[in-house]
Every structure is written in structure tokens, then in C-alpha cells.
Amino acid sequence: MNTNPLASSTGADYQKLDTLLATGNWKEADYETARLILKIANREKEGVLELEDIKKFPLAKLLTIDKLWLKYSNGHFGFSIQKQIYQSLGGTQKDYQKNW
């Protein structure tokens, strides 16, 4: 049984991200977030995600990362916050390139 609540069955360990966020080390936490995402998507070697990788990215993993960012930033940072800002500017999935 896994006793680390921040470790997942896919090998993604959120402990370093948790520590970086808890200490307010936002820049390093940002790098760690990118590293985690690539690891989860099995794209570490490539260093980037393709559209298909994004479409099939595990929602539970994305939510875990988002919750950590929300928790330690007092609701100021996270994917869900970025989505709110993007949508408030009129962004949709259809016209994302124009709004980006």
C-alpha cells in the first residue's frame, strides 16, 4: 500500500511540487509542473506535448496539480484560474489561436 498521498500509481510523485509550492518557490514549481506533466504523458524525451497527448491527459492528474497550485497560491494560480481568465477574454476551444 502506498503511504504517500502525493504519489500516484503511474509513478508521478507530486511531493517535490508540493514542497516548492508550500515554500512559495513559484518559478521552480512551474518547472516542476512542466516536468511532471511530461512524465505523466510519457513525453520526457520529446520535451513537448502534442495535441493528442493533451486530449488524452489523465484528468485526475491535471486536477491534482491544479489543486496544489490553488491551495498554496490562495486561489491565484492554477490551470483552472488560467482557464477562467482565458474564457473571460472571450476564449473558446474553436478560436483559441486568435485569443492566445
Neighbours by Cβ (under 8 Å, 6+ apart or cross-chain): first from region 57-83, on the phi > 0 side of the Ramachandran plot; second loosely packed, with under 15 Cβ neighbours inside 10 Å: 78/67
Which of the residues that make up region 75-94 are surrounded by 12 or more Cβ atoms within 10 Å (Cβ to Cβ) and either among the charged types (D, E, K, R) or at pLDDT below 85 (or both)? 83, 86, 91
Hey, among the residues in region 1-22 that are out of contact with any helix residue (DSSP H, G or I) (no Cβ under 9 Å at 6 or more places or on another chain) and either part of a loop (DSSP other than H, G, I, E, B) or among the acidic types (Asp, Glu) (or both), which one's modelled with the lowest pLDDT? 1
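The values are calculated or read from the model by the stated rules, or taken from the named source; none is laboratory data. Bear in mind the structure is a predicted one, so any value in this text is a computation, not a measurement. When we count neighbours, we look across all protein chains shown, and the Cβ atoms used for this are built from the backbone with ideal geometry, even at glycine.
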